[in-house]
1. Does the range 111-139 hold any residues that are at pLDDT 95 or above and touching a Lys or Arg at 6+ places or on another chain (Cβ under 9 Å), and which are they?
2. Within the range 145-160, which residues are modelled with pLDDT of 90 or more and not hydroxyl-bearing (Ser, Thr, Tyr)?
3. In this structure, does residue 23 turn out to be at pLDDT below 70 and either within 24 Å of residue 151 (Cα to Cα) or open to solvent by less than 40 Å² (accessible area, probe 1.4 Å) (or both)?
4. Residue check: is residue 93 at pLDDT 90 or above, surrounded by fewer than 17 Cβ atoms within 10 Å (Cβ to Cβ) and within 12 Å of the chain's Cα centre (by Cα)?
5. For a quick check of your reading of the model, give me the residue pairs whose first member lies in the range 40-56 and is more than 27 Å from residue 147 (Cα to Cα), whose second is of a type in the set (Gly, Ala, Ser) and in a loop (DSSP other than H, G, I, E, B), with beta-carbon atoms closer than 9 Å and at least 6 apart or on different chains.
6. Which residue pairs have Cβ atoms closer than 6 Å, lie 6 or more positions apart in sequence or on different chains, and pair a first residue in the range 138-155 that is in contact (Cβ under 8 Å) with a residue 24 or more places away in the chain and within 30 Å of residue 40 (Cβ to Cβ) with a second residue that is open to solvent by less than 20 Å² (accessible area, probe 1.4 Å) and in a loop (DSSP other than H, G, I, E, B)?
7. Any residue in the range 108-116 that is β-branched (Val, Ile, Thr) and over 17 Å from residue 76 (Cα atoms)?
Amino acid sequence: MKRQIFLLFSLALFLVSCTKQPKDYPPEPQIYYQYVRPQLLDLNDTAGVQIALKFTDGDGDLGTDASAQNKNIFLKDSRDTSASPFTIRQPFPFIEDYMRPTKGGLEGFITINLGRQFFSITDSLHLALRKDTLHYTIYIQDDAGNKSNTVQTDPIYLQF
């Protein structure tokens, strides 16, 4: 009898220890660059570019705006020499409540789609050469105003 109680207790302890613990992320979002596709963009026949990122947020206050009015993805074109901290602002994709964890941080993947209109030629030299190269620097901001780290894409090669 003692042996059965011990085995039952050991099994219960084993099952309790196997429960998945919520991940503990800082309240500031973190982003991790995954890829940019395609890297060679022919402005005559390519629709645009996809930039993929992985993200985490400890307090989970990202993607809460179903109307997409909050533009909290910030991209800076490397060819932009202005003092502005960003060139393009995009909304963070809406995340349904059932997809959010009840405890712990939020993590996932997002893809930013940029059409040809985001890749205009900025100077006459590159217009004459019929090619250009750029990269984007990206950060995000959550609903509490916490800014993420900054990541940089691989080079994007333009031809036209």
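1. Residues satisfying the conditions are 136, 137, 138, 139.
2. 145, 146, 147, 149, 151, 152, 154, 155, 156, 158
3. Taking the combined requirement at face value, the residue satisfies it.
4. yes
5. 43/120
6. 139/148; 140/29; 140/72; 140/148; 148/29
7. yes
Per-residue answers, yes or no, for (1) charged (D, E, K, R); (2) touching a helix residue (DSSP H, G or I) at 6+ places or on another chain (Cβ under 9 Å); (3) crowded, with 18+ Cβ neighbours inside 10 Å:
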position: 58; (1), (2), (3): no, no, yes
position: 83; (1), (2), (3): no, no, no
position: 88; (1), (2), (3): no, yes, no
position: 100; (1), (2), (3): yes, no, no
position: 104; (1), (2), (3): no, no, no
position: 108; (1), (2), (3): no, yes, no
position: 115; (1), (2), (3): no, no, no
position: 121; (1), (2), (3): no, yes, no
position: 142; (1), (2), (3): yes, no, yes
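The values are calculated or read from the model by the stated rules, or taken from the named source; none is laboratory data. Remember, predicted model here, so these are calculated numbers, not experimental data. Here Cβ is always computed from backbone atoms with ideal geometry, including for glycine, and neighbour counts include all displayed protein chains. We work out accessible area using only protein heavy atoms, side chains counted, and drop any ligands, DNA or RNA first. Shrake-Rupley method; radii C 1.70, N 1.55, O 1.52, S 1.80 Å.
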